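Novice: Have a look at this one.
The values are calculated or read from the model by the stated rules, or taken from the named source; none is laboratory data. The structure presented is a predicted model; accordingly, all values stated were derived computationally and were not measured. Every residue, glycine among them, receives a Cβ derived from its backbone with ideal geometry; neighbour counts consider all protein chains shown. These accessible areas exclude ligands, DNA and RNA; they are computed on the full protein's heavy atoms, side chains included. Shrake-Rupley method; radii C 1.70, N 1.55, O 1.52, S 1.80 Å.
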Amino acid sequence: MPSWEGKSKGNKLGYGIFIFILRYGGVYPAYFLLRFVACYYFIFSWSSSRPIYQYFHTRIGYGRWRSLVNLYRNYYIFGQTLIDKIVVMADMANKFTFDFDGEHHLREMVSGGRGGILLSAHLGNWEVAGHLFKRLQTRINIVMFDGEHQRIKEYLAAVTGDRNVNIIVIKDDLSHIYAINEALSNRELVCMHADRFLPGNKTVTAPLLGHDARFPMGPFLLAATFRVPVCVVFAFKESATHYHFYATEPRQYHGRRNQGVETALHDFVSLLEEKIHRYPAQWFNYYDFWE
């Protein structure tokens, strides 16, 4: 059965080269170098290329040639999102623009004073918009896997500085559960991805793009247990310097816990599938998601 390994590719030298270019040349020279890096992964990284190729070919329905072209585009756009993330988080000079579609839903959630849960997926570049959530003027907690090597994390922290959010790292001792519980009890916002899990995690199954896929139960169980407002959020790259942010109307999940989990899962997967069809090249799960 598929599960994510919990590790990200890349090394300190690679990050350093791109950060140097960003500081002294901006995003376009970095994008130019990225074309060669994306080509390298396209040719030599079959372990991650095969699942994405199959995604385009069997899930989206592209022909072989179109699937190969989009495989390269996928690597290139993914690299761009990493670059953009560093630029925005480090407050480097840039010309990025954003459309905020549904921002008023988040403001309503904050003004309601009950806190809430924001669900997203490894589709698009949600963290770029997430860094701009300081506009909401409320405490935000982001739940994430500790998937970066420690040296790289420390190096990026020195570049980007302190984030304006509280990071809750998912740990084997389950201490993150208490941190999430505390945040929701304090009526704060908790943001998390709902499309990846590690071996041993409890999962729920739902059809996505015509085939069954497993999703982590935790985010949907939290929604059903705490019965706080839940929004689904995404941010997609629509041009070299423009992003489109989406936030759904908040919804609460009542009823018995299992029913609440199933309803929350259904709503999330429906929105996820809709956005996949609209932005297919921005799917960034590099493993056999459906098998």
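Novice: For residues that are crowded, with 20+ Cβ neighbours inside 10 Å and within 17 Å of Phe236 (Cβ to Cβ), scanning just segment 57-74, find the one that is farthest from the chain's Cα centre (by Cα).
Specialist: That would be Asn70.
Novice: Continuing with the same structure: Among the numbered criteria (1) touching a Pro at 6+ places or on another chain (Cβ under 7 Å); (2) within 30 Å of Arg23 (Cβ to Cβ), which single criterion is violated by Phe100?
Specialist: With respect to (1) touching a Pro at 6+ places or on another chain (Cβ under 7 Å); (2) within 30 Å of Arg23 (Cβ to Cβ), Phe100 is out only on (1).
Novice: Looking only at segment 193-221, count how many residues are part of a loop (DSSP other than H, G, I, E, B) and free of Cβ contacts under 8 Å to residues at least 60 places away in the same chain.
Specialist: 3
Novice: Still on this model: I need the full set of residues from segment 247-262 which are in a helix (DSSP H, G or I), open to solvent by 40 Å² or more (accessible area, probe 1.4 Å) and touching a strand residue (DSSP E or B) at 6+ places or on another chain (Cβ under 9 Å), in order please.
Specialist: The answer is Glu262, and nothing else.
Novice: If you don't mind, another one. Given the condition farther than 20 Å from Asn70 by Cα, in contact with a strand residue (DSSP E or B) (Cβ under 7 Å, 6 or more places away or on another chain), of a type in the set (S, T, N, Q) and not assigned by the TED database to the domain that holds Phe78, answer yes or no: does some residue in segment 197-204 qualify?
Specialist: There is at least one residue in segment 197-204 that is farther than 20 Å from Asn70 by Cα, in contact with a strand residue (DSSP E or B) (Cβ under 7 Å, 6 or more places away or on another chain), of a type in the set (S, T, N, Q) and not assigned by the TED database to the domain that holds Phe78.
Novice: Among the residues of segment 159-180, is any modelled with pLDDT of 85 or more and more than 22 Å from Val233 (Cα to Cα)?
Specialist: For segment 159-180, residues modelled with pLDDT of 85 or more and more than 22 Å from Val233 (Cα to Cα): present.
Novice: Okay, next question. If you scan segment 223-242, which residues turn out to be open to solvent by 30 Å² or more (accessible area, probe 1.4 Å) and among the aliphatic types (A, V, I, L, M)?
Specialist: Residue satisfying the conditions is Ala240 alone.
Novice: Continuing with this model, one more query. Which one is modelled with the highest pLDDT among residues in segment 273-291 that are in contact with a strand residue (DSSP E or B) (Cβ under 7 Å, 6 or more places away or on another chain) and over 23 Å from Ile83 (Cα atoms)?
Specialist: My answer is Glu273.
Novice: Whether any residue in segment 130-138 is polar (S, T, N, Q), in a strand (DSSP E or B), at pLDDT 75 or above and touching a strand residue (DSSP E or B) at 6+ places or on another chain (Cβ under 7 Å) is what I want to check.
Specialist: Scanning segment 130-138, I find no residue that is polar (S, T, N, Q), in a strand (DSSP E or B), at pLDDT 75 or above and touching a strand residue (DSSP E or B) at 6+ places or on another chain (Cβ under 7 Å), so the answer is no.
Novice: On the basis of being open to solvent by less than 20 Å² (accessible area, probe 1.4 Å) and free of Cβ contacts under 8 Å to residues at least 60 places away in the same chain, does Gly79 make the cut?
Specialist: Spelling it out, Gly79 is indeed open to solvent by less than 20 Å² (accessible area, probe 1.4 Å) and free of Cβ contacts under 8 Å to residues at least 60 places away in the same chain.
Novice: If you don't mind, another one. Looking at Val190, is it out of contact with any Cys (no Cβ under 9 Å at 6 or more places or on another chain), open to solvent by less than 30 Å² (accessible area, probe 1.4 Å), closer than 18 Å to Ile117 by Cα and not in a helix (DSSP H, G or I)?
Specialist: yes
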